[in-house]
Amino acid sequence: MRRRTLLKAGAGLVATAGGVAAGGLGLLYATADVQTAGRIPFTNRLALPPLARSGRDDRGRTVFDLHARAARHGFRSGVPTPTWSFDGSYLGPTLRARRGETVVVNVHNELPEATTVHWHGMHLPAAMDGGPHQPVPPGGTWSPSWRIDQPAATLWYHPHPHQQTARHVYRGLAGLFLVDEDLCGPSGLPCRYGVDDVPLIVQDLKLAGDNRLDENNPGKVHGTVCVNGTLAPYLPVSTERIRLRLLNASGGRVYRLRLSDGRPFDLIGTDGGLLAAPYPASSVQLSPGERAEVVVTMRPGERAVLRSDPPELGGNFFSDRFAGGDDTLDVLELRAAATLEPSPPLPRELAPPARVDTSVVAATRRFELALPRINGQSMDMSRIDTVARLGSTEIWKVVNIDGQPHNFHIHDVQFQVLTVDGAPPPPELSGWKDTIYTPPKRVFRLALRFTDYADPHTPYMFHCHLLRHEDRGMMGQFLVLDTGQRPGTPSGHRHHN
Ligand code: C2O
Ligand code: CU
Ligand code: CU
């Protein structure tokens, strides 16, 4: 793929911005977009992350093992790319567990430096959360355990070391954690892993001439897209309907995914689980960390391309362009077999609607995002930014005040978006969410309920999930306290050199 150079158009646009443009900026602007629609050959069969094997310990807990290691991955022909991975060559296996199960994950760090593993989207005790306060030293093993108790959802795991998250994720440390309720959820939903239920971990990267990952800017937007670690991927489809579990595991890129022929699909789930009902959509936008589940209906023998259109970033055309706001990227080709196994119609009801009871609200807080700070402060591991009471409901108003693209992620809870600029949320924000894209100036009112776990010493995080921003300090910490508890000193913060 090559970068489009539209010098004249670019320079003209920059001039309208008020004459910021010297020639160099104009050239930068002109070359800052990536256009790969129709240019990706789709020669590689999509890799499927293997399901992690598990055992059972004498307490009846489901035990997984993850080994973070240096590895090599064949992104393309030539020398393999040095990567980091959990038990493979890139990314990690899919963990899968049912609501009600108690899991243990032995995280073995075989890397030359400390890392952490965070369970993004999971409701769990703060000490098990895998944020910056739970570093695993090189050669060490960390074994968090918790009881899974939340609706079926597509969650994921990734490192969260203080100021190093972008690099660790970019090197390949990420994987999915699927939570199930009944085996398959409401009947009619495709649920055969790798057959009609396929995870798509979408990332962007840049490979240097010698196939190394270009690490100059992990967390910035890059021009090469991979899915499950596969470049130019195609996915053979054998059933009439296929469920795609989409995860944006990129450091900074926002995708607006649609099918190239414009056909609608059914949006069935978001970050924290299934929507109340399938919603016909022609595109779905995902900022870093967000997930969506969609069901696509295919016709025998056809090919359809999953493409990312220029996302709606909502900022000014200049900053948006450098954030990938003008990019069109081919992501994946779906290849239907000549005959397709028939699929049942989708159920009309999927899950109870995502509702937080806001009749009693303990606190309303405001969070202002402006790089590299939240509410004027940048991340300090020894400072608690907010304290919530166990069992209480709070409303968090989140607003991006600096005009750059940001998003907002909260650990421990799945929240309900109450309003966006005072209006009810669109369908894609109507279900359980843990991460939302926050375009400049728009006010998001979120309802959060803090349940089950209190810990006066160990905080949870909230932060911008654009990893470069997160690493630069756009993160804060909150404690959940039980009655009578007082904030302690953040614990578990040890330095390993
Ligand atoms: Cu996906 Cu605090 O992280
Ligand atoms: Cu998280
Ligand atoms: Cu940000």
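Below are the figures for this structure:
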item	result
Diffusion coefficient, µm² s⁻¹, Stokes-Einstein with Kirkwood Rh over alpha-carbon pairs of the range 203-305 at 4 °C and 1.567 mPa s	86
Environment charge of residue 337, counting only residues whose C-beta is closer than 13 Å and scoring Lys/Arg +1, Asp/Glu -1	-1
Linear extension gain, residue 366 paired with residue 27, 0.36 nm per residue minus alpha-carbon span	118.1 nm
Residue-span extension gain [residue 276 to residue 195] - 0.36 nm each, minus C-alpha spacing	26.7 nm
Theoretical FRET efficiency, 1/(1+(r/R0)^6), r = Cβ-Cβ of residue 147 and residue 397, R0 41 Å, to 0.05	0.80
Between the range 113-136 and the range 256-295, the Cα center-to-center distance that results, in Å	28
Percent carbon-and-sulfur accessible area, the range 363-495, ignoring ligands, DNA and RNA, probe 1.4 Å	47
Cysteines having no other Cys beta carbon under 4.7 Å from their own, within the chain	226, 464
Distant alpha-carbon pairs in the range 214-265 (separation over 14 angstrom), percent	67
Spacing of the two label points (7 Å from each Cα toward its C-beta) at residue 215 and residue 77, in nm	2.8
Carbon plus sulfur fraction of accessible area for the range 197-341, probe 1.4 Å, in percent	47
Inter-label distance, nm, simple model (7 Å from Cα along the C-beta direction), residue 359/residue 377	3.4
Where N is the number of residues in the range 235-360, Cα Rg divided by 2.2 N^0.38 Å	1.18
Cβ crowding within 10 Å averaged over residues, with 266-272, 204-210 ranked highest first	266-272, 204-210
Cα gyration tensor, the range 356-497 - rounded (a/c under 1.5), prolate or oblate	oblate
Cα radius of gyration and Dmax for the range 338-440 (Å)	17.9, 60
Per-selection metrics, the chain (Cα): Rg and Dmax in Å	21.8, 70
Area projected by the alpha carbon convex hull of the range 134-211, averaged over all directions, nm²	8.4
Using distinct alpha-carbon pairs, which all enter the 1/r mean, Kirkwood radius of the range 329-368 in Å	16.8
Heavy-atom accessible area per residue - the range 245-306, 1.4 Å, Å²	25
Under 5 Å, built H, 5+ apart or other chain: amide partners of residue 174	86, 91, 92
Spherically averaged projected area of the range 274-319 from its Cα convex hull (nm²)	5.1
Å² per residue, accessible surface of the range 44-180 at 1.4 Å	35
Radius 13 Å from Cβ of residue 364, net charge of other residues (Lys, Arg +1; Asp, Glu -1)	+3
In sequence order, calculated HN-Hα J values of the range 374-387 (Karplus, 6.51, -1.76, 1.60; Hz; x Gly/Pro)	10, 6, x, 10, 9, 3, 9, 5, 9, 10, 8, 8, 8, 10
Nonlocal amide H pairs with residue 36, under 5 Å, H built at 1.01 Å	328, 329, 330
Kirkwood-based shape ratio for the range 34-94, expressed as Rg/Rh from alpha carbons	1.16
The range 120-173 - Kirkwood radius from inverse mean 1/r over Cα pairs (Å)	12.5
Reciprocal mean inverse distance between Cα atoms of the range 44-180 - Kirkwood radius, Å	15.2
20 Å cut-off, amide nitrogen to a point 7 angstrom out along residue 489 Cα→Cβ, residues in the range 449-469	455-460
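The values are calculated or read from the model by the stated rules, or taken from the named source; none is laboratory data. Keep in mind it's a predicted model, so treat the numbers as computed, not measured. Cβ coordinates were reconstructed from backbone atoms using ideal geometry, including for glycine residues, and neighbour counts include every protein chain displayed. Remember, those area values only see protein heavy atoms, side chains included, never the ligands or the DNA or RNA. Shrake-Rupley method; radii C 1.70, N 1.55, O 1.52, S 1.80 Å.
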